[in-house]
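To start, the structure under review is shown below, and the notes come after it.
The values are calculated or read from the model by the stated rules, or taken from the named source; none is laboratory data. Note that the structure is a prediction, hence the values are computed from the model and not measured. Note that we place each Cβ from the backbone using ideal geometry, even for glycine, and neighbour counts take in every protein chain shown. Protein only, heavy atoms only, side chains kept; ligands, DNA and RNA dropped before computing areas. Shrake-Rupley method; radii C 1.70, N 1.55, O 1.52, S 1.80 Å.
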Amino acid sequence: MSRTTTLLAGSDPAGIAEAARILRTGGLVAFPTETVYGLGAAGLDPEAVAAVFEAKGRPHTDPLILHVESAAWLPRLCGPIPPEAGPLADHFWPGPLTLVLPALEAVPRLVTAGLDTVAVRSPAHPIARALLAEVDLPLAAPSANLFGHISPTTASHVLRDLDGLIDAVVDGGPCEVGLESTVLSLVGERPTILRPGAVTPHDISRLLGVEVAEDAATAGPDQAQQSPGRLHRHYSPRTRLILIEDEDDCRAHAALREAAAEGAALLLYDEDAAAPDMEPAGRFPPLRALLGSRHDPAGVARGLYAALRAMDEAGAHAIAVRLLPPGGLADAVNDRLRRAAAPDEEL
Ligand code: TXA
Ligand code: MG
């Protein structure tokens, strides 16, 4: 269905009020969160939720996250509530942690994709919070991109994908984190990370005093059903991504130079860009973008999706990028890079 998409200012209370009005009447509004922009709909209204799937071209087998103002909503959406949920919500909410919990009947089947669990998160972004307070409803909100494309971290990214398909976008500037939330399942034998993000396994283990299972990196195709976001090539640019895994600088630089010689654009960390063996050769230096320091994964995460989109739109036929040294938030960055680089047939 085609719609006229209005750009609303997140800094203006009238913009928030209008966004809330649209959402209460079943419309679709993209809004900023601290991770990425979400495409919001009234989360307990099956028709509004159906429209989200239609706008994104998202298969109904892929469940949505319900965004809530606070943990006070949990007893209306989930039950029985696992004992870890309270401490996790107290400590990490509002923030980039999504909890997968047993779902109550009140949650539409479309939201859960027919699973008996529901994913819930309380976002930290002040505009998301103002909107949740104003609508006074849980908002179902996947990332505000076309299915399979890169998540948006600015309002203009949202418009690139969804202009004419949704009712409004609330502009709140660039997102602070830049990668989707950590998804943590609390329904199995032990807490399990389904998608790595800014809240790390270490953060969670330290709070709960138990080891957290991490199966995101090793998820095979049959586990995709459990958290379909782990489908390979879920976060992909249109352009082929060449992933350089070598931790040795000399060999990694050689691989980057070789990719550039074959016409690939380069996504470079500051240290690599400044290395003497990375001086651009010839009169036409390769198309490139800087991702910040290799030792600042938070900075890399913040700018990664914008850089991938920019290289995509500049018409590069391939993009070469190194993995970060592993650990903490770098694992989430590497997870997204690996997915973006996975071959087509793994979609
Ligand atoms: O940071 C984020 O989480 C952003 C912002 C907008 O909040 N949202 C987001 O939504 O990334 P989406 O739909 O793009 O990703 C939701 C992820 C998917 O990997 C989905 O499979 C998983 O959460 N998920 C949702 N419900 C689930 C459930 N019941 N069980 C397991 N995984 C679930
Ligand atoms: Mg998404």
Exercise. Peptides 30-41, 109-120: what's the order by average Cβ count within 10 Å, highest mean first?
Worked result: 30-41, 109-120
Problem set entry | Accessible surface, per residue, of the range 79-147 when the full set of protein chains is kept, probe 1.4 Å, Å² | 37
For this session: Mind jotting down a quarter of the surface of the convex hull over the alpha carbons of the chain, in square nanometres, one decimal?
Result: 17.1
Exercise. Using a 1.4 Å probe on the protein chains only, how many percent of the accessible area of the chain belongs to carbon and sulfur?
Worked result: 53
Exercise. Where in the range 107-136 is the amide nitrogen less than 14 Å from a point lying 7 Å along the Cα-to-Cβ axis of R24?
Worked result: 131-136
Exercise. If you take the Cα atoms of the range 52-163, find Rg, then find the Kirkwood Rh from the mean of 1/r over all pairs, what is Rg/Rh?
Worked result: 0.97
Exercise. Which angle between 0 and 90 degrees, to the nearest 10, do you get for helix 297-313 versus the longest principal axis of the chain when only C-alpha atoms count?
Worked result: 80
For this session: For the chain, calculate the relative contact order in percent as a whole number, restricting contacts to Cα pairs under 8 Å that are 6 or more residues apart.
Result: 19
Exercise. So how tilted is helix 46-56 from the main axis of the chain? Cα-based, degrees 0 to 90, rounded to 10.
Worked result: 10
For this session: Would you work out which of P63, L323, L287 lies farthest towards the positive end of the dipole of the chain, given +1 charges on the beta-carbon of Lys and Arg and -1 on that of Asp and Glu, about the Cα centre?
Result: P63
Exercise. In square angstrom, what is the accessible area per residue of the range 243-298 with a 1.4 angstrom probe?
Worked result: 58
For this session: Report the relative contact order of the range 1-92, percent, no decimals, based on alpha-carbon pairs under 8 angstrom and at least 6 residues apart.
Result: 14
